[in-house]
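A.B. asks: Pasting in a structure now, in structure tokens, and then I'll have a few things to ask.
No lab work stands behind these numbers, since they all come straight from the coordinates. Given the structure is predicted, the values throughout are model-derived calculations rather than measurements. Cβ placement follows ideal geometry from the backbone for every residue including glycine, while neighbour counts extend to all protein chains displayed.
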Amino acid sequence: MLAVEERLKVLFVAGLDGDAGCYRQFLDDLSGYLRGLLRKRLYHLQDHIEDIVQETLLAVHNGRHTYRADQPLTAWVHAIARYKLMDFFRARARNEALNDPLDDYLEIFASSDIEPADAKRDIGKLLELLPERQRLPIVHVKLEGLSVTQTAQLTGLSESAVKIGVHRGLKALAAKIRGAS
């Protein structure tokens, strides 16, 4: 391992100093090193190894200015390869989730259009239970999307009163929903 570290480091540093031949040799040697490393870890995903090697080589090339010569090169490369491997597994998990058959979840798509109207009516009833100094800030800031400043100008309350009204109103609504009022 020490011989590999030394060889790769000599080639890499020479490449950083402008020796294109050494840099090309570094990339060739590193790609072989990475393939061997990944084959051991991804024996069940052999078809994807080359993609991960290429992604890692690209990341090494793009991040070559971040390498510190007083640190082991292979440790730096291993960190980059580990991140590329995690990116691969995340993407694979997302793709597998996207390929799940939707037949098992058809009841989700059969929801009623009445539910949003019911929710809006329920929120309206809950808001009616609040005093105006709490209800108006919640309606304008949280439901209509106005800023605190705009709400203060619209209601005649100070900006602090608007913020306090939103906070206390939401706290009161949460208590009413939990049945603690």
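A.B. asks: Please work out the FRET efficiency for the pair MET86 and SER147, using the Cβ-Cβ distance as r and a Förster radius of 35 Å; give the result to the nearest 0.05.
C.D. replies: 0.35
A.B. asks: Which ³J(HN,Hα) values in Hz, rounded to whole numbers, follow from the phi angles of the range 47-57 under the Karplus curve 6.51 cos²θ - 1.76 cosθ + 1.60, where θ = phi - 60° and Gly and Pro get x?
C.D. replies: 5, 9, 4, 4, 4, 5, 4, 5, 4, 5, 4
A.B. asks: Another question about this same structure. Give the cross-link partners of LYS84 among the lysines, using a straight C-alpha distance below 22 Å as the criterion and excluding same-chain residues fewer than 8 apart.
C.D. replies: Correct list for LYS84: LYS9, LYS40.
A.B. asks: Can you list the lysines whose alpha carbon is less than 24 Å from that of LYS171, not counting same-chain residues fewer than 8 positions off?
C.D. replies: Result set, ordered by chain and number: LYS120, LYS125, LYS142, LYS163.
A.B. asks: Express the relative contact order of the range 120-181 as a whole percentage, based on alpha carbon pairs under 8 Å and six or more residues apart in sequence.
C.D. replies: Reported as a whole number, the value is 37 percent.
A.B. asks: For the range 78-83, what does the Karplus curve 6.51 cos²θ - 1.76 cosθ + 1.60, with θ = phi - 60°, yield as ³J(HN,Hα) per residue in whole Hz, taken in order and with x for Gly and Pro?
C.D. replies: Karplus values, whole Hz, x for Gly and Pro: 4, 4, 5, 4, 4, 5.
A.B. asks: If you stretched the chain out fully between ARG41 and THR66, how much longer would it get, using 0.36 nm times the residue separation minus the C-alpha to C-alpha distance?
C.D. replies: Taking 0.36 nm per residue and subtracting the Cα distance, the gain is 6.4 nm.
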